[in-house]
Structures are given as C-alpha cells and as structure tokens.
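The values are calculated or read from the model by the stated rules, or taken from the named source; none is laboratory data. Worth saying up front: this structure is predicted, and the values here are computed from it rather than measured. A quick note on method: Cβ atoms are made from the backbone with ideal geometry, for glycine too, and the neighbour counts reach across all protein chains shown.
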Amino acid sequence: MQTVEDAIAEAEANGDALAVQSAVPAGTPPARLRRPACVFGMKPANAGLLALAAACLATGFCGGKHAHAAIGLALTAGLGWHVWKRRRAL
C-alpha cells in the first residue's frame with residue numbers, strides 16, 4: 001500500500017501538477033472575512049432595501065398612511081446610506 005506522501009512524490013516526479021494543488025484557491029479569503037449568507041444571490045443590505053421598497057408599495061396601495069410614511073422614510077434613509085457608501089470619487 002502506498003502512502004499519501006509517496007503518491008505526491010510520484011506525481012511530482014511524473015510532472016502531474018494537479019496532484020499537488022491546494023483544495024482552497026489562493027485568492028479565497030478566510031471564512032471569517034467572507035460576505036454573510038446571500039438572499040437570492042443578493043447582499044443582505046440590498047435584500048433589505050428591496051424588502052423595504054416592497055413594503056412601502058404594499059402599504060401605499062392598502063391605505064396605511066402612517067406605516068407608508070414610516071417605511072418610506074426608512075427606505076429613503078437606506079437608499080441615502082447606500083448611495084453615500086457606494087459613491088465614486090470624480
């Protein structure tokens with residue numbers, strides 16, 4: 001029976017570069033620095049803004065004036081924060 005070290009040495013001797021590649025790609029950040037779990041492929045902040053927009057539309061059509069105004073203000077604040085965070089220098 002061949003050990004792992006022997007198999008790697010044999011693969012290197014034969015020029016098989018695939019045998020010694022790392023399981024984690026070189027540019028992958030550590031798990032603690034990765035982005036949180038995505039919602040339908042979106043960042044959580046973007047999913048939150050989308051949910052606020054949907055809630056604002058729903059309360060607008062259902063006639064809840066106070067809820068519509070409160071959610072609209074929260075959406076405006078969230079969008080303002082998003083634009084400020086994503087601004088580009090001229």
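Would you check if residue 80 is surrounded by 12 or more Cβ atoms within 10 Å (Cβ to Cβ) and assigned to a helix (DSSP H, G or I)?
Values: surrounded by 12 or more Cβ atoms within 10 Å (Cβ to Cβ): no; assigned to a helix (DSSP H, G or I): yes.
No: the conditions fail for residue 80.
Do we have residue 28 as among the hydroxyl-bearing types (Ser, Thr, Tyr), at pLDDT 85 or above and under 25 Å from the mean Cα position of the chain (by Cα) here?
no
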Among the residues that make up region 11-24, is at least one of them under 30 Å from residue 85 (Cβ atoms), modelled with pLDDT under 85 and not basic (Lys, Arg)? yes
